[in-house]
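Take a look at the structure below.
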């Protein structure tokens, strides 16, 4: 069985979904974009992922704030306001008759190039927008069993050349880390920062629990995770000790519990890292408690699809 934080329950409806490309809704098999697209040629693009749950785009304001900050950081004019983008997302969801347990991937690239080149001046179109909405529910089996990690030799990028907070199409170093982990027999990769402290996983953020206190890395080298931020907020709200700090694999191997956080999977227990059993080798009480509190936060923060 495939195991990891992005494993979803199979859903045959996804074979017939409509994909949004620059205002058009196309059948999955017909959804195509030019080989001269900037994202394909040089990874020049940004993306965001949002969950639809019970008719609501969960934490949509936080997700769009991150998306538009990324666009500004790479000098990309998205040509749409946040409200206009929400309308296009809704159009895609309505066309697919979707209401809950949906994962929405929003992708912008700089546009079509005249010729293969890094130079943005060779872009001859406006930005390309693709929205892929799929029926996706996280596997309960994975959450009950937990996942295993392997510490990759590929380090998280420094903010002066590729800021880890940027959700860009250039994810090759994270793919390299994951390939290493898979070849080592693990489900996903744990990545260290430039000083050798624990930073994040290849596609999710990482937490440990020690003596009733929750630890996660500083924000220097970790992904700018919405779920990460909300778990930290949940801890503070419920007077659970939370520390954002530098810590090493020494601290990880002797942790009572470990888990990852991400938009799709929420909180996913980690039961083994580099061959070391974490805690009792099964999802822990604190991980389950925080997962329940995070679900409560989702229910408390529903935002209307109309975004009034």
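The values are calculated or read from the model by the stated rules, or taken from the named source; none is laboratory data. Only a predicted model underlies this, so the values are computations on that prediction, with no experimental measurement involved. So basically every Cβ, Gly included, is an ideal-geometry build from the backbone, and we count neighbours across all protein chains shown.
A few points about this structure:
- Residue list for the stretch 147-163, restricted to those being crowded, with 21+ Cβ neighbours inside 10 Å and closer than 24 Å to residue 63 by Cα: 156
- Identification of strands (runs of 3 or more DSSP E) wholly contained in the stretch 113-192 with 1 or more residues that are within 22 Å of residue 69 (Cα to Cα), over 16 Å from the mean Cα position of the chain (by Cα) and outside the structural domain of residue 40 (by TED's automatic domain parsing) yields no element.
- Count - residues of the stretch 193-202 that are assigned to a loop (DSSP other than H, G, I, E, B) and at negative phi: 5
- Spans of strands (runs of 3 or more DSSP E) in the stretch 1-55 with at least 1 residues under 23 Å from the mean Cα position of the chain (by Cα) and closer than 30 Å to residue 120 by Cα: 18-21, 45-53
- Scanning the stretch 43-62 for residues that are farther than 18 Å from residue 111 by Cα and surrounded by 21 or more Cβ atoms within 10 Å (Cβ to Cβ) yields 50, 51, 52, 57, 58, 59, 60.
For (1) surrounded by fewer than 17 Cβ atoms within 10 Å (Cβ to Cβ); (2) in contact with a strand residue (DSSP E or B) (Cβ under 9 Å, 6 or more places away or on another chain), each residue gets a yes or a no:
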{"site": "86", "(1), (2)": "no, yes"}
{"site": "101", "(1), (2)": "no, yes"}
{"site": "106", "(1), (2)": "no, yes"}
{"site": "115", "(1), (2)": "yes, no"}
{"site": "119", "(1), (2)": "yes, yes"}
{"site": "123", "(1), (2)": "no, yes"}
{"site": "127", "(1), (2)": "no, yes"}
{"site": "166", "(1), (2)": "no, yes"}
{"site": "171", "(1), (2)": "yes, no"}
